[in-house]
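Visitor: First the structure, then my questions, so here it is.
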Amino acid sequence: MNNLLELYWTFVKIGCVTFGGGYAMLPILERELVEKRGWTTMDDLRDYFSIGQCTPGIIALNVSTFIGEKRGKLPGAIAATTGFLSAPIVIILIIAAFLTNFAELAVVQHAFAGIRVCVCVLIVQAVLRLWKGSVVDPFTLVLYLVIFALNAFGGLLPVKLPAAVLVLLAGAAGIAMSLHKAGKAGGKK
């Protein structure tokens, strides 16, 4: 029971600072789950982010569910997910109740402009952290550049490839490279 309460309260605290989506949350999740609590490794957290990006829902919410399941099976997943959702729901309800009355005020608009800048910085920081652990050799660099080009310049192609297709292509390329390396290693024996 203590494990479930700890999961719940940890993710309540994380949910209180959920600004900018999943990628902006990566530094917070890393500090809280990897460095402070040791509940997961940075490599596993990157994997959770990758899977969370490919599954329906909010990335950080999916990550909380994965961590909760790892720590306490189904009850842990429910505790972590519920904890993560609790604070944002309350905060959103409060903001929604008051925002319509104050949204036109210059001070509120400037506050949102400042928040957007902060979120951009958090996302760039998350991208750099993911980059460091993901682009580790020439193959992954080439794969990154190809997927980036297909996504960034997809509008120039006759058909724009959906993100899910790019993820599947990248996964297939990774599997192909793994099989190629295994075949080379097997041939050298």
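The values are calculated or read from the model by the stated rules, or taken from the named source; none is laboratory data. The model shown is predicted, which means the values in this text are computed figures rather than measured ones. Please note: Cβ atoms are built from the backbone with ideal geometry, for glycine as well, and neighbour counts cover all protein chains shown.
Visitor: For the range 164-189, which residues satisfy the criterion of being touching a residue at least 12 places away in the same chain (Cβ under 8 Å) and either surrounded by 13 or more Cβ atoms within 10 Å (Cβ to Cβ) or assigned by TED's automatic domain parsing to the domain that holds residue 47 (or both)?
Guide: Residues satisfying the conditions are 166, 167, 169, 170, 173, 174, 177.
Visitor: Among residues belonging to the range 129-156 that are of a type in the set (A, V, I, L, M, F, W, C) and exposed (fewer than 11 other Cβ atoms within 10 Å of the Cβ), point out the one that is farthest from residue 31 (Cα to Cα).
Guide: By that ranking, first place goes to 156.
Per-residue answers, yes or no, for (1) basic (Lys, Arg); (2) surrounded by 15 or more Cβ atoms within 10 Å (Cβ to Cβ); (3) at pLDDT 90 or above; (4) touching a Lys or Arg at 6+ places or on another chain (Cβ under 9 Å):
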site: 26; (1), (2), (3), (4): no, yes, no, yes
site: 32; (1), (2), (3), (4): no, yes, no, yes
site: 35; (1), (2), (3), (4): no, no, yes, no
site: 50; (1), (2), (3), (4): no, yes, no, no
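Visitor: Still on this structure: Which condition breaks for residue 38 when tested against (1) of a type outside the set (Asp, Glu); (2) part of a loop (DSSP other than H, G, I, E, B); (3) touching a Leu at 6+ places or on another chain (Cβ under 6 Å)?
Guide: (3)
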